[in-house]
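The values are calculated or read from the model by the stated rules, or taken from the named source; none is laboratory data. Bear in mind the structure is a predicted one, so any value in this text is a computation, not a measurement. Note that each Cβ is placed from the backbone with ideal geometry, even for glycine, and that neighbours are counted across all protein chains shown. Quick note on the areas: whole protein, heavy atoms, side chains included, nothing else; ligands and nucleic acids left out. Shrake-Rupley method; radii C 1.70, N 1.55, O 1.52, S 1.80 Å.
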Amino acid sequence: MPQPTNKTPGRLVEFLEHGRLTPGLLVRDQGERATVIGADGREKPISRDLVLVRHPGPAVDPANLSTALAALEAERSRLASELDLKLLWEVVRDQGGSYRAEELAELFFGERSAIGTTVVLDALLNDRLYFIRRHLEFVPNSAERVERIRIQQERSRLRSDESKKLQAQIRDVLNNAPVKADAAGPLIEQLQKYLDNPSTRSNEMSALLTAAAPDLAPAETAYEVLERLGVPLPLPRYVMIGGIRTQFSAAAIEEAASVNPPVHQQAEPLPTISIDDEETVEIDDALSCAPLPGGGLRVLIHIALVSDWVARGGAMDREAALRGATVYLPEATVRMLPDRISCERASLVAGRERSVLTTDVRFNPDGTIVDYKIYPATITVNSRLTYARADALIAGKDTQDGDGAQSLRLLYEMALKLRDWRRRAGAVLYQRREAKVRVRDGSIEISVIETDTPSRQMVAEYMIISNHLAARFCADHSVPIIYRVQPSQNGDLASQHPRLSLFPALHAGIGLEFYAQLSSPIRRYADLVLQRQLVGFLNRSSQPPYQTEELLAVLANAEAADSEAKDLERRSKRYWSLRYLERFAPGTVFEAKVLREGNTAELTDYALRGTLRRAPNLSNDSKILVRIANLDPLRGGLAMEYVGLAPAATPLASAAGT
């Protein structure tokens, strides 16, 4: 090391050189300029603003600079080994604002020191992930931004030869190019590991799969590649892709079998009916009614009292919180609660005594509410009806159900009045046909549900009024719950999505001032939580089961899980519907309905939508004939080619299962 020419003792500092923090000896400091001696022993004139840290202690003779810098470096190394920048970011990310290096050093090391500031500042200057630099202040990135940056950084690492090789193999498999079995071994092993452990799916593998097939979700790519390579897979397609928990813990199974719920007062012996699809076994609602003098109607809406069975914090509750909702896939149904509870003990099975939360409402003849009350009760469902049977009874085509048929017709007539009240209040009464898709032993079956039938509309109206009155009750009695609100700005609902709120407000899309969702506690964790909160008040608990802030966090997590489940259901239904269409011969003609001024169409027999090509100017809902122009089940793509207007009666492609 050359001997410094300047013999004046100076002060150890850290200065910025080529974007890096560099130690040196400050020997002159005048005005806007300074002179430092670097580790190489040479003097460097620099701007005074580049001196970022000044170390305390006695002046250092330039002749002893090498020894002083070595001691300084040893201390820097020791502290640097303790610094965890991610942990520091996690501490400050939600507090907002910006920080200087010395503040962050004090926060992490517990004291403010020049050497601590040096270590933190050096890490921050080299950080590209957790903080944004604004001159000499640092702002923590949001969790979302950190995740985006991290994925970008991981993608940059994919340039390695091994990653490129795996990506090429994935593309080859997806493009149906031949892949040697021995060469595919490492790929198969990595993809199996990725799918088998959904909670620890590698971010690096997710980035690799995205790079190989950017138009697919990573898990879908992994499953598709393994399937095409002939690898046996242990679970149905979308159960594995969604990483859905399929097994309950032993503690949850034991709790489901042994729990003893409280006993509630017997309800009045009114004819009580439940209406569901034929295969439904999670029955969480039923209806009773009785005529009132003067033409009014008393309606009792019964919701399964699941909170009696599932104790907060118990094994079943923990499982339900993780799942968020029952997931209905074409290949399988994965329930939120063990079958012993969801399909048996809590389900409103006909002929069995069951605990319910009853909303007991008295309506005027015009559908306005006289009064209501909410209470737990014990009921027995007298009749279990399918929607088809209920429709027949309402229409008078089936007269075999006596009192049940009369009750059903009274309930339906009142439901029409409730629906009309909501319509006049601005509610959006849009009904869309739904496809029910089932995959069993390789056979795909599709049927279409008409959601605007009398019994479906009736049940929907009473679930809505039950939810509305529960929300109104909680607002009137200051019970902390989470409301669903949807403001209306100049009548434009499309831009105002429903949201969660701690305070009651208008839900314009439903046309009611108070609204919360509590009507499906067997199948939705958010509904179970709110039922638990309401029942706690009815039972005169000294404290509600959940405080407001806790309730918001619980429901936000439940809503996120439920949203993911719905998205998975949508993707899986579309995939299997398109796979079903693949089985028709090329050129098969289908009937369809025009949507969006001819830009899209819906296949009549399958309630399946896609883009429409080469169509003339057509009005919405026009009946047309189409051929399939392009079909891509993996990516959800469906394009149809216009053939002509549909005659009054057209032979349609069969919708039978294959």
## Note on the structure
the chain: antiparallel bridges as % of DSSP beta bridges, rounded to 5, reads 90
### Message
Give the separation of the Cα centroids, segment 407-461 to segment 543-560, in Å.
### Response
30
## Note on the structure
Between the alpha carbon centres of segment 98-150 and segment 579-598 the gap in Å comes to 57
### Task
Report, largest value first, the span of the C-alpha coordinates of segment 446-575 along each principal axis, in whole Å.
51, 34, 30
## Note on the structure
Debye calc, one equal point scatterer per Cα of segment 219-351, no solvent, log10 I(q)/I(0) at q = 0.09, 0.12, 0.16, 0.22 1/Å comes to -0.40, -0.64, -0.93, -1.30
### Task
Would you mind working out the magnitude of the charge dipole of segment 98-210 relative to its Cα centre, with +1 at each Lys and Arg C-beta and -1 at each Asp and Glu C-beta, to the nearest 20 Debye?
460
### Kirkwood Rh in Å, taken over all unlike Cα pairs in the chain
30.4
### Message
Below 8 Å, C-alpha to C-alpha, sequence gap of six or more: please give me the relative contact order for the chain in percent.
### Response
8
### Task
Could you order 513, 597, 147 so the one with the most accessible surface comes first? Probe is 1.4 Å.
597, 513, 147
### Query
Hey, what's the chain come to in accessible area per residue, 1.4 Å probe, Å²?
49
### Query
Setting aside same-chain residues fewer than 8 positions from residue 436, which lysines have a Cα under 24 Å from its Cα?
566, 573, 593, 623
### Query
Just the accessible area for residue 333, please: 1.4 Å probe, Å², rounded to the nearest 10?
60
### Task
Assuming a ≥ b ≥ c are the square roots of the Cα gyration tensor eigenvalues, decide whether segment 362-423 counts as rounded (a/c under 1.5), prolate (otherwise, with a/b larger than b/c) or oblate.
oblate
### Query
For segment 481-627, what is the charge dipole size about the Cα centre, in debye to the nearest 20, if Lys and Arg each add +1 at the Cβ and Asp and Glu each add -1 at the Cβ?
620
### Query
For 90, 220, what's the largest-to-smallest order of accessible area, 1.4 Å probe?
90, 220
### Task
For residue 373, list the aspartates and glutamates whose Cα falls under 13 Å from its own Cα; do not include residues on the same chain fewer than 8 positions away.
360, 476
#### Entry: Extreme residue, positive dipole direction of the chain, given options 199, 544, 590 (C-beta unit charges)
590
### Task
Output the direction-averaged projected area (hull surface divided by four) of the convex hull of the alpha-carbon atoms of segment 103-163, in nm².
5.4
### Query
In the chain, carbon and sulfur make up what percent of the accessible area (probe 1.4 Å)?
49
### Query
When the solvent-accessible surface of protein heavy atoms is calculated with a 1.4 angstrom probe, in what order do 98, 519, 542 fall, highest first?
542, 98, 519
### Query
Hey, what D do you get for segment 73-137 in µm²/s if you plug the Kirkwood alpha-carbon radius into Stokes-Einstein at 20 °C and 1.002 mPa s?
181
### Query
Given 0.36 nm per residue, what is the gain on full extension from residue 563 to residue 188 after removing their alpha carbon distance, in nm?
131.9 nm
### Task
Please get the size of the charge dipole for the chain, origin at its Cα centre, with Cβ charges of +1 on Lys and Arg and -1 on Asp and Glu, quoted in debye to the nearest 20.
1180
### Query
Can you list the lysines whose alpha carbon is less than 29 Å from that of residue 165, not counting same-chain residues fewer than 8 positions off?
180, 193
### Query
residue 20 to residue 164: FRET efficiency via 1/(1 + (r/R0)^6), r the Cβ-Cβ distance, R0 35 Å, to the nearest 0.05?
0.65
### Summary
Contact order relative to length for segment 207-365, counting C-alpha pairs under 8 Å separated by 6 or more residues, stands in percent at 26
